[in-house]
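Presented below is the structure to which this report refers.
The values are calculated or read from the model by the stated rules, or taken from the named source; none is laboratory data. What you see is a predicted model; the values in this text were computed from it and never measured. Glycine also receives a Cβ, built like all others from the backbone with ideal geometry; neighbour counts cover every protein chain displayed. Heavy atoms of the whole protein, side chains included, go into the accessibility calculation; ligands, DNA and RNA do not. Shrake-Rupley method; radii C 1.70, N 1.55, O 1.52, S 1.80 Å.
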Amino acid sequence: MKKLYFITGSQDLYGAETLRQAAADAKEIAEYLSGQLPCSVEWQPVVTTHAEAEAVCTGANADRDCIGVIMWMHTFSPAKMWISALKSLRKPMLHLHTQYHDKLPYDTIDMDFMNLNQSAHGDREFGFICTRLGIQREIAAGYYKSGKTLAQLRRFAEVCSAIDYSRGLRVAMFGNNMRDVAVTDGDRVESEIHFGWNVNYYGIGALTEIKAALSDAEIDEKMAEYTGKYTMATDNLAAVREQAATEAALDRFLASEQIHAFTDTFQDLYGLKQLPGLAAQNLMAKGFGFGPEGDYKTAALCAVLNKLAEHRQGATGFTEDYTYDLTEDSELELASHMLEVSPVFAAGKPEIQVHPLSIGGREDPARLVFDGISGQGIQVSLVDLGDRFRLICAEIELIRQPEPMPKLPVARLMWRLKPDFSTGAAAWIYAGGAHHAVVSTALNADDIRLFAKLTDTELVVIDSKTDLNTLQQQLALLDLKARLGR
Ligand code: MN
């Protein structure tokens, strides 16, 4: 089971009784947090020396189940003893600035109490050395049982879990990047160095070979899954069966290669009768990352953000900026794709429909068609700027489409941009945000801020406070920072 280490700092000046009490208090806090967070919290022996600090940090690095560390200086802990340990620490850190008690015991407080409960003092010393070393970490300040502190710890645990998942994520590209498209392309080696994504090309033949060997029973089973989940709004069952076979083949392929995100492209479908529509949509709803036109970055980000949202209510999936309603002062965005929008966004029961696809030169593909949900959300894009990656996160308000669209044969989402259409859209374009993105109603900008911070990824947030002049200054400073290096 994945876990966070709970590491308590002290020193050997206080005597055995204080250290015994520090250990007991820390153990109690770790056990309490274990019951509150989506992963376990494992108490570690109190650190009092250079050697112990180094041992616990190298232990965290080596423990494959340890996804992050929580640090707390219950007493004073001279921070030079943490330098070499922190320099080697490779797991995400949350510095918990808390106390064992909340209210001061005014009538009994004495110097023994002060010496034991001095995180106000010790956590500042520890914080200084983290800042001096340039360590990106989260700081949660407050009583550890308070709702606000626990929410911050929960978010940290979820982001650690997503980062751990990201570090082992394997991505398959069926075909390559759509010819001549810039923003979907990227440096796959750097993606693995930075995010841990192992991205590899596969010929579409790797899939069609498995597909040809499927039994009728396997395809029947997938058809039964479709009819159980969706409304069959077509007589062309042969077309739906074609998607069922493609998905059954993908199931086998992804499982055998331990792959959790994939891309395809309509320009390379040799041996497939249809572009995967329903097949890709149904897989996305299970948490698999997907990116069309060879967009491996969006596919991987989609899988990682699904992992980050796994304990939340709400929907997370791929979509694309498509067209607008530009009625002045009530502008709306319509997001969709040629087929592949995740059914997690469906406001009602999705319909399986079969329609022609004007590009790609294949048979009419089956796809899920639905109207999108409403609610507050974010749109997140990842781009490769050549010398670094940039995440762009825009807050959006998803809305029910104002009127039916009876002729539109694809799933769609609609939303309002923040702070207003012209500012939000211009900000996105200034920042270099892609037309492919992951949309989520389960996550918010603070989740992406923490993910970006702990993965040392550049981030631009667009929200109700965005001002284009300030944003352009921010972008200029980010370019300068990147040029200066670290
Ligand atoms: Mn696209």
Pairs of Cα atoms under 8 Å, at least six residues apart: use those to get the relative contact order of the range 170-484, whole percent.
-> 18 percent
With Rg from the Cα atoms and Rh as the Kirkwood inverse mean 1/r over Cα pairs, the range 337-486 has an Rg/Rh of 1.04
Please give the length that would be gained between R90 and L468 if that part of the chain were fully extended, namely 0.36 nm times their separation in residues minus their C-alpha to C-alpha distance (nm, one decimal).
-> 132.4 nm
Measuring from label point to label point, each 7 Å out along Cα→Cβ, what is the L408 to T457 span in nm?
-> 2.8 nm
What is the list of residues in the range 21-64 whose amide nitrogen lies under 18 Å from a point 7 angstrom out from the Cα of A151, following Cα to Cβ?
-> 36-38
With every protein chain in place, the range 170-484: carbon and sulfur % of accessible area (1.4 Å) = 49 percent
So, for the Cα atoms of the range 3-166, Rg and Dmax in Å stand at 14.9, 51
Stretch D325-N236 to full length: gain in nm at 0.36 nm per residue minus the Cα-Cα span?
-> 28.7 nm
Treating the angle as unsigned and between 0 and 90°, give the value, to the nearest 10°, between the Cα long axis of helix 16-34 and the longest Cα principal axis of the chain.
-> 20 degrees
List the extent of the Cα atoms of the chain along each of their three principal axes, largest first, rounded to whole Å.
-> 81, 54, 43
Calculate the spin-label point distance for Y143 paired with A212, positioning each point 7 Å from the Cα along the beta-carbon direction, and give it in nanometres.
-> 6.9 nm
How much accessible area per residue does the chain have, in Å², with a 1.4 Å probe?
-> 43 Å²
Return one number: the angle in degrees, 0 to 90 and rounded to the nearest 10, between the long axis of the Cα atoms of helix 50-62 and the longest principal axis of the Cα atoms of the chain.
-> 20 degrees
Shape metrics for the range 349-433, restricted to C-alpha atoms - Rg then Dmax, Å | 16.6, 45
Neighbour-limited loop hits for trypsin sites (Lys or Arg not before Pro), the range 1-90 (at most 14 other Cβ within 10 Å; DSSP other than H, G, I, E, B) = R64, R90
Using alpha carbons only, how many degrees (0 to 90, rounded to 10) separate the axis of helix 119-132 from the longest principal axis of the chain?
-> 60 degrees
Contour minus Cα-Cα distance for S374 and A482 (0.36 nm per residue) | 35.1 nm
Provide the FRET efficiency to the nearest 0.05 for the I429-D387 pair, computing r from the beta carbons and using R0 = 22 Å.
-> 0.60
